[in-house]
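Below you'll find the structure, written out as structure tokens, and then a few comments.
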Amino acid sequence: MINLKIPKIPYGGDWNPEQWDREVWLQDIEMFKEAGIDLLSINIFSWTQLQPDEDTYDFAMLDDIIRLLKENDMKVCLGTGTAAHPAWMATKHPDILRVDFQGRKRKFGDRHNSCPSSPTYRRFAPRLAEELAKRYQHEDAISLWHVSNEYTGVCYCENCEKAFRVWLRKRYQTLDELNRAWNTRFWNQTLTDWDQVVVPNQLTVQWSDRGMCQQPLVLDFTHFSSDNFLEVYSLEHEAIKKHIPEAVVTTNLMGAYRPYNYREWARKMDVVSWDCYPQPSQPPAHVGFLHDLMRGLKNGQSFLLMEQTPSQTNWQPYNWVKRPGAMRLGSYQAVAHGADSVLFFQMRQSVAACEKFHGAVIDHTGRNDTRVFKEVAALGAELQKLGPELLGSELQSEVALWFDWETWWALENSAGPSVDLHYMEQVARYYSALHQDGISVDVVGPGSDLSKYKLLVTPTLYLLHPEDTDAITAFVQNGGTLLSSFLTGVADVNDHVFRGGAPGPLREVFGLWSEEIDALPPAQKNRVVMEAPLGELQGSYECNLLFDLLRLNGAEVLATYGEDFYAGQAALTRHIYGSGTAYYVATSPEETFLQGLIRHVCKEKGIAGLLPEVPEGLEITRRSKDGKDYVFLLNHKPTKITVDLRDLHLHDLLLDEELSGSIILKGRDVKVCRQIHVQ
Ligand code: GLA
Ligand code: ZN
């Protein structure tokens with residue numbers, strides 16, 4: 001368990017006192033106390049104040065801020081401040097400026113603007129982190145180190161191109177091997193010298209608005225770019241650890257962010273933290289999935305909610321204010337999925353620049369009687385009341401859902417089969433079906449231990465490493481149930497299609513192979529027709545998007561297509577393999593079908609949620625530690641719902657009362673409970 005030196009769920013967020021006079025800091029501190037705030041993320045964007053020129057470091061203001069927080073019993077999440085480089089640095093050392101996808105060299109401005117290969121950035125960013133670590137190594141007010149901020153984007157400059165060549169040499173050793181891996185005889189892309197390797201941008205391999213001709217190159221470059229930014233993070237991480245080996249070091253991730261493989265990043269982070277900014281159109285299940293994805297990065301260890309807005313953002317097309325209760329609900333949703341902190345962006349609203357309309361705990365009025373401030377303070381009091389109970393507790397899941405960045409990269413780099421195929425959407429559809437029934441899900445991927453699960457769901461598992469194939473095969477062999485969908489097992493790690501037909505090395509597990517894959521505009525539907533009832537599935541269901549045309553080799557047909565020239569061919573199959581079972585869904589069926597199928601496989605494996613029936617809009621999860629179980633009930637609807645607790649007996653930790661039988665949750669209400677186990 002990560003120790004942030006606060007014996008309860010830490011509460012607070014990004015505070016930018018450098019934008020204000022000292023007298024405002026004092027007002028802020030008083031309001032923080034009123035709201036139960038105890039952890040402040042500071043120094044996120046202050047590089048120039050700390051280092052006004054190449055040789056000068058000035059920590060006077062930061063010393064003062066930290067002292068003030070400490071005097072007021074608050075803890076510090078200390079930013080290293082390297083997410084936006086100083087203007088003087090850009091002028092003096094232009095190698096720090098990125099080159100964009102179009103091949104244009106950037107000038108100074110904005111943030112997340114440093115080239116990860118820049119010798120200047122690699123010299124000055126870790127040095128600043130180290131100076132901070134040296135100065136504050138004995139400062140016990142610091143709970144957590146926050147490297148940079150939301151690493152973002154890609155750079156296509158010449159230094160990155162050179163670094164890419166080094167990365168490739170390490171990976172492939174010889175040019176022949178590189179040419180093989182990239183299948184360069186296609187369109188005469190053969191390379192005869194390492195210096196001919198280019199970064200894939202609009203000036204090089206982009207071939208249309210929809211694709212890049214050298215997909216294995218693009219895949220490698222994406223991987224390299226993720227590694228390259230991770231290396232820059234690691235340099236700072238190590239600079240801190242050199243002076244404070246016990247420091248807890250993190251950087252704030254962004255959920256399902258495609259450019260970087262966060263599963264690899266997490267290995268180098270002491271704790272996963274992430275910034276959660278749902279859009280109003282995003283269903284609660286999707287947000288739940290993102291929390292589970294983040295929790296899964298470190299095998300279930302609790303994570304930190306590093307940022308969320310108390311009210312509105314400034315960067316969405318329409319910046320809705322969170323409705324009364326919505327901020328509290330979102331905060332507890334994070335906790336219900338394993339978060340051990342509730343932190344905001346931001347504590348005080350800026351007066352100018354692009355975030356002046358971004359919500360804050362303290363808004364432009366500076367008052368403590370605004371709706372938002374009052375809601376923040378009320379939640380602060382609740383978190384104080386909950387005390388240490390929930391900290392470090394973990395979710396237990398029997399179901400694993402596979403999510404892999406390399407599949408995501410390869411699938412969406414691909415020209416064909418469909419522009420409407422989005423990996424996230426496919427994964428989210430299966431997650432939602434599980435979520436709807438209150439079934440706890442761990443999000444896993446390459447390298448995860450699968451042995452503790454009963455059911456493994458691998459939607460559109462396009463790219464397979466040999467180790468993944470082995471792990472998944474062993475999982476089924478040993479009695480697990482595997483459920484996958486179209487375009488599974490198509491390509492290897494270099495995005496070369498497996499010969500002999502998908503699902504490639506999993507053909508035997510599924511007892512089938514795919515001969516063709518039809519792709520139709522999403523409005524054009526087919527049907528999945530059940531051969532016989534399967535659980536609650538019977539009759540026929542709509543399907544669309546993609547249609548694997550399967551050839552069976554041992555698998556049993558559970559449903560067929562209803563229309564087109566492949567009417568009557570398999571659309572859903574089952575195959576017994578070893579002591580386990582592998583289901584294959586050949587198309588993208590409507591929600592009711594997925595729900596029914598998930599219910600069937602869960603029932604077959606004895607997997608059940610906490611309630612036999614979860615009313616629509618209710619989310620239910622459980623965290624456990626030291627023999628105690630904590631149950632969260634969240635009403636995502638604005639109107640009340642009635643919940644029949646059946647066998648669940650609960651103690652409401654916030655209202656200090658027992659709950660059983662039929663209870664009512666008001667609109668957007670949350671109950672945080674300890675489970676009472678009756679003998
Ligand atoms: C991100 C950043 C913050 C802030 C918020 C605004 O999460 O990390 O600095 O810009 O977005 O929503
Ligand atoms: Zn670069």
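The values are calculated or read from the model by the stated rules, or taken from the named source; none is laboratory data. Only a predicted model underlies this, so the values are computations on that prediction, with no experimental measurement involved. Positions of Cβ are backbone-derived with ideal geometry, glycine not excepted, and every protein chain shown enters the neighbour counts. Remember, those area values only see protein heavy atoms, side chains included, never the ligands or the DNA or RNA. Shrake-Rupley method; radii C 1.70, N 1.55, O 1.52, S 1.80 Å.
Below 8 Å between Cα atoms, with a sequence gap of 6+, how large is the relative contact order for the chain in percent? Present the calculation step by step, with values, prior to reporting the outcome.
Working: 1398 pairs, mean separation 71.5, N = 679.
Contact order relative to length: 11 percent.
Give me the lysines in straight-line cross-link reach of residue 268: C-alpha distance below 17 Å, same-chain residues under 8 apart excluded.
241, 242, 298
Just check the stretch 399-604 against the gyration tensor rule for me: Cα atoms, a ≥ b ≥ c as the square roots of the eigenvalues, rounded for a/c under 1.5, and otherwise prolate or oblate depending on whether a/b exceeds b/c. Don't skip to the answer; put the middle values down first.
Working: a/c = 1.31, a/b = 1.09, b/c = 1.20.
Rounded.
Under the 0.36 nm per residue contour assumption, what length would be gained going from the current alpha-carbon distance of residue 57 and residue 87 to full extension? Write down the numbers at each step before the final one.
On the way: separation 30, 0.36 × 30 = 10.80 nm, distance 1.56 nm.
This chain segment gains 9.2 nm when fully extended.
Which of the GluC sites (Glu not before Pro) across the stretch 584-679 are loop residues per DSSP, with 12 or fewer other Cβ within 10 Å?
Details: sites: 590, 591, 604, 613, 616, 619, 657, 658; in loops: 590, 613, 616.
Sparse-neighbourhood loop GluC sites (Glu not before Pro): 613, 616.
May I ask you to derive the FRET efficiency for residue 637 and residue 563 from their Cβ-Cβ distance with R0 = 45 Å, giving the value to the nearest 0.05?
Numbers: r = 37 Å, r/R0 = 0.82.
E between residue 637 and residue 563, to the nearest 0.05, is 0.75.
Which residue, 540, 498, 512, has the largest displacement toward the positive end of the dipole of the stretch 496-571 when charges sit on each Cβ (Lys, Arg +1; Asp, Glu -1)?
Farthest along the dipole direction, towards plus: 498.
About its Cα centre, how strong a charge dipole does the stretch 158-218 have in debye, to the nearest 20, once Lys and Arg get +1 and Asp and Glu get -1 at the Cβ?
Numbers: 8 positive and 7 negative charges, 44 e Å.
It comes to approximately 220 debye.
So which GluC sites (Glu not before Pro) in the stretch 458-559 end up in coil per DSSP with only 14 or fewer other C-beta atoms within 10 Å? Provide the component values of the computation, followed by the final result.
On the way: sites: 467, 508, 515, 516, 531, 536, 542, 556; in loops: 531, 536.
The qualifying sites are 531, 536.
For the stretch 158-218, just say rounded, prolate or oblate: build the C-alpha gyration tensor, square-root its eigenvalues into a ≥ b ≥ c, call rounded for a/c under 1.5, and beyond that prolate if a/b exceeds b/c, oblate if not.
Verdict is oblate for the stretch 158-218.
What whole-number distance in Å separates the alpha-carbon centres of the stretch 456-477 and the stretch 313-368?
40
Report the charge-dipole magnitude of the stretch 191-243 in Debye, nearest 20, computed about the Cα centre from +1 at each Lys and Arg Cβ and -1 at each Asp and Glu Cβ. Before the final figure, lay out each step's value.
Working: 3 positive and 8 negative charges, 34 e Å.
It works out to roughly 160 debye.
Between residue 188 and residue 499, what FRET efficiency comes out of the Förster formula 1/(1 + (r/R0)^6) with R0 = 25 Å and r the beta carbon distance, rounded to 0.05?
On the way: r = 23 Å, r/R0 = 0.92.
Between residue 499 and residue 188 the formula returns 0.65.
Which residue, 598, 409, 427, has the largest displacement toward the positive end of the dipole of the stretch 399-604 when charges sit on each Cβ (Lys, Arg +1; Asp, Glu -1)?
Of the listed residues, the answer is 598.
In deg cm²/dmol and to the nearest 500, what is the mean residue ellipticity at 222 nm of the chain if only DSSP H runs of at least 4 residues count, each as -39500 (n - 2.57), divided by the residue total?
After summing the helix terms and dividing by the residues of the chain, the value is -9000 deg cm²/dmol.
With charges only on Cβ, +1 for K and R and -1 for D and E, what is the dipole size of the stretch 618-675 about its Cα centre, in debye, rounded to 20? Please report the intermediate quantities before stating the final value.
Details: 11 positive and 10 negative charges, 56 e Å.
Here the size comes out at about 280 debye.
With the cut-off at 1.5 for a/c, could you classify the chain from its C-alpha gyration tensor as rounded, prolate or oblate?
Working: a/c = 2.05, a/b = 1.17, b/c = 1.75.
Oblate is the answer for the chain, as a/c is 1.5 or above yet b/c matches or exceeds a/b.
Over the stretch 531-652, what is the mean sequence separation of C-alpha contacts under 8 Å (at least six apart), divided by residue count, expressed as relative contact order in percent? Before the final figure, lay out each step's value.
On the way: 150 pairs, mean separation 23.5, N = 122.
Value for the stretch 531-652: 19 percent.
Just the number, please: carbon plus sulfur as a percent of the accessible area of the stretch 92-141, 1.4 Å probe, no ligands or DNA/RNA counted. List each step's numbers first, then the result.
On the way: 1180 of 2470 Å².
Of all accessible area on the stretch 92-141, carbon and sulfur atoms account for 48 percent.
Indicate the helices, whole DSSP H runs only, in the chain that combine a mean Kyte-Doolittle hydropathy of -1.0 or more with a Cα extent along their long axis of 24 angstrom or more. Before the final figure, lay out the partial values.
Values: long enough: 119-136 (26 Å, -1.09); 215-243 (43 Å, -0.33).
Within the chain the helices that satisfy the rule are 215-243.
Lysine pairs in the stretch 618-675 with alpha-carbon atoms under 22 Å apart, 8 or more places apart or on different chains: how many are there? Please report the intermediate quantities before stating the final value.
On the way: 625/671; 628/671; 637/666; 637/671; 640/666; 640/671.
Counting lysine pairs in the stretch 618-675 gives 6.
With a 1.4 Å probe and every protein chain left in place, work out the accessible area per residue of the chain in Å², rounded to a whole number. List each step's numbers first, then the result.
Details: 27000 Å² over 679 residues.
Computed with neighbouring chains in place, this is 40 Å² per residue.
Measuring from centroid to centroid over Cα atoms, what is the spacing of the stretch 554-595 and the stretch 76-136 in Å?
52
Only Cα pairs under 8 Å and at least 6 apart count here; give the relative contact order of the stretch 618-675 as a rounded whole percent. Intermediate results must be reported in sequence, preceding the final value.
On the way: 129 pairs, mean separation 22.7, N = 58.
Taking the mean separation of contacting Cα pairs over the length of the stretch 618-675, I get 39 percent.
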